1. Which of (1) touching a residue at least 12 places away in the same chain (Cβ under 8 Å); (2) surrounded by fewer than 17 Cβ atoms within 10 Å (Cβ to Cβ) is the odd one out, the single condition residue 150 does not satisfy?
2. Please determine whether any residue of segment 90-99 is under 12 Å from the mean Cα position of the chain (by Cα), under 28 Å from residue 184 (Cβ atoms) and at pLDDT 95 or above.
3. Within the set of pairs 6+ apart or on separate chains, which have a first residue in segment 90-103 that is free of Cβ contacts under 8 Å to residues at least 24 places away in the same chain, a second that is assigned to a loop (DSSP other than H, G, I, E, B), and C-beta atoms under 6 Å apart?
4. Being closer than 21 Å to residue 127 by Cβ and part of a loop (DSSP other than H, G, I, E, B) is the requirement here; does residue 35 meet it?
5. So which pairs qualify, if the first residue must be in segment 162-187 and under 18 Å from residue 136 (Cα atoms) and touching a residue at least 12 places away in the same chain (Cβ under 8 Å), the second must be among the aliphatic types (A, V, I, L, M) and exposed (fewer than 13 other Cβ atoms within 10 Å of the Cβ), the Cβ gap must be under 7 Å, and the two must be at least 6 apart or on different chains?
Amino acid sequence: MYHPSAIIDPGAIIGEGTKIWHFSHIMPGAIIGRNCSLGQNVVVMTGATLGDGVKVQNNVSIYTGVHCEDDVFLGPSMVFTNVINPRSAIVRKHEFRPTYVRKGATIGANATILSGIEIGEYAFVGAGAVVTKSVKPYALVMGNPARQTGWMSRYGHKLVFDSLGFASCPESGEKYIMENGELRMEN
């Protein structure tokens with residue numbers, strides 16, 4: 001389903017069940033998975049990829065080299081970059097740095113993600129954060145520049161750890177353990 005004001009260029013690949021809303025533009029060579037939702041005024045450029053179940057809120061541009069895995073949430077007006085030192089009069093397309101947003105990650109409204117960054121699975125980037133370095137899986141980062149302030153569950157709840165390094169999600173009951181500065185979900 002796409003709104004009549006959306007532009008879908010030939011050569012774009014769009015999965016079944018995806019909805020594309022007002023004034024969006026999907027360029028040739030863009031790949032969008034199944035059951036995604038792209039809000040108003042979204043651009044997906046050539047060479048960008050979205051997995052299944054990705055939700056892109058209004059006013060987001062997904063540039064060449066940005067790759068979002070399944071179930072990623074991109075908040076309203078968040079920003080990706082693809083060149084570290086852009087200049088109007090100098091072409092630097094050969095310097096595009098790939099950016100990866102791993103499964104289940106959330107990027108809040110008005111956040112900025114510099115090029116060449118990896119956002120780990122189920123990480124949570126707070127609204128307005130400026131991410132200048134890669135983010136660990138399940139990490140909560142906020143601020144400018146973004147700094148880690150905690151850990152999040154797969155369901156998006158901040159985790160509280162006991163003295164042994166264990167935490168559980170208040171919604172799902174899933175158990176997590178902290179080992180050597182890395183978080184993992186118990187099986």
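1. (1)
2. Initially, segment 90-99 is screened for residues under 12 Å from the mean Cα position of the chain (by Cα), giving 99.
So of that shortlist, the ones also under 28 Å from residue 184 (Cβ atoms) come out as 99.
Filter once more, keeping what is at pLDDT 95 or above: 99.
Yes, segment 90-99 contains at least one residue that is under 12 Å from the mean Cα position of the chain (by Cα), under 28 Å from residue 184 (Cβ atoms) and at pLDDT 95 or above.
3. 92/83; 95/83
4. Working: closer than 21 Å to residue 127 by Cβ: no; part of a loop (DSSP other than H, G, I, E, B): yes.
No.
5. As it stands, the answer is 167/160, since those pairs meet every condition given.
The values are calculated or read from the model by the stated rules, or taken from the named source; none is laboratory data. Values in this document were obtained by computation on a predicted structure and should not be read as measured data. Here the Cβ is made from the backbone with ideal geometry for all residues, glycine too, and neighbour counts use every protein chain on show.
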